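So the structure is just underneath, and the comments pick up after that.
The values are calculated or read from the model by the stated rules, or taken from the named source; none is laboratory data. This structure is a prediction, so every number in the text was calculated from the model and none was measured. Heads up, the Cβs are rebuilt from the backbone with ideal geometry, glycines too, and the neighbour counts pull from every protein chain shown. These accessible areas exclude ligands, DNA and RNA; they are computed on the full protein's heavy atoms, side chains included. Shrake-Rupley method; radii C 1.70, N 1.55, O 1.52, S 1.80 Å.
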Amino acid sequence: FRCITRLDRDTTGVTLLAKHMLSASVLSKAMQQKLIQKEYLALCDGVTPEHGTINAPICRAADSVIERCVDFEKGDSAVTHFTREWTNGQISLVRVKPETGRTHQIRVHMKHTGHPLLGDFLYHPEDHSISRQALHCASLTFTHPITGETLTINAKLPEDMQQLLSQS
């Protein structure tokens, strides 16, 4: 099998695997053509705007092998759309649709807006409300490589994120 869509370490949710080389080839091409749509749910610090688009290029941070940052001179194009689903005045549940697929894109973009993800050790190290970044790939829509059927796979919000919502 081949992994078609990946998730950052400690991100939960849907991922897409191909069972054989033909499917992998078709699905990889679909990924390159941005025909596979992913939708995430994230718990962010503070009250985010109701909706918006973050168009901010991302590159590797100068002093780190892992960390990324917004850099309008050296960064590669990165676009993220978001809608606030809920807020209690201290945290927000945000539905996020990345248009591009840069490493740590959602995490970097939400930090850039001043609303980093809860529990994100790299981009919001002072928050310990959850033991990982509060990011979940809630749905993935793609065309089946053999049947041509459009499929949407959904994953329920994990218990640790549900717990944070219920405590708020």
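A quick yes/no check of all residues on (1) among the hydrophobic types (A, V, I, L, M, F, W, C); (2) open to solvent by 20 Å² or more (accessible area, probe 1.4 Å):
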| site | (1), (2) |
| --- | --- |
| R2 | no, yes |
| L7 | yes, yes |
| T12 | no, yes |
| L17 | yes, yes |
| M21 | yes, yes |
| A24 | yes, no |
| D45 | no, yes |
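What about T48, is it of a type in the set (S, T, Y) and in contact (Cβ under 8 Å) with a residue 40 or more places away in the chain? It is true that T48 is of a type in the set (S, T, Y) and in contact (Cβ under 8 Å) with a residue 40 or more places away in the chain. On inspection, A78 passes the criterion of being over 20 Å from V14 (Cα atoms), touching a helix residue (DSSP H, G or I) at 6+ places or on another chain (Cβ under 6 Å), buried (at least 17 other Cβ atoms within 10 Å of the Cβ) and modelled with pLDDT of 95 or more.
Looking at region 60-97, which of the residues that are outside any strand (DSSP E or B) and small (G, A, S) is nearest to P49 (Cα to Cα)? Only one residue tops the list, namely G89.
Of all residues in region 40-86, those being of a type in the set (K, R) and over 22 Å from I130 (Cα atoms) number 2.
Per this entry, G13 is counted among residues that are in contact with a His (Cβ under 6 Å, 6 or more places away or on another chain) and closer than 16 Å to A138 by Cα. Every test in (1) touching a residue at least 60 places away in the same chain (Cβ under 8 Å); (2) crowded, with 17+ Cβ neighbours inside 10 Å; (3) touching a Cys at 6+ places or on another chain (Cβ under 9 Å) is passed by A155 save one, and that test is (2). Note on region 128-138: residues that are open to solvent by less than 30 Å² (accessible area, probe 1.4 Å) and either within 17 Å of W86 (Cβ to Cβ) or more than 17 Å from the chain's Cα centre (by Cα) (or both) total 5. Taken over region 153-168, the residue count meeting the criterion of being under 20 Å from L93 (Cβ atoms) and touching a strand residue (DSSP E or B) at 6+ places or on another chain (Cβ under 9 Å) is 10.
Residues are listed down the side, and each one gets a yes or a no for (1) open to solvent by 20 Å² or more (accessible area, probe 1.4 Å); (2) within 15 Å of the chain's Cα centre (by Cα):
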| position | (1), (2) |
| --- | --- |
| D63 | yes, no |
| K74 | yes, no |
| N88 | yes, no |
| P98 | yes, yes |
| K111 | yes, yes |
| D120 | no, yes |
| P125 | yes, no |
| I146 | yes, no |
| E159 | yes, no |
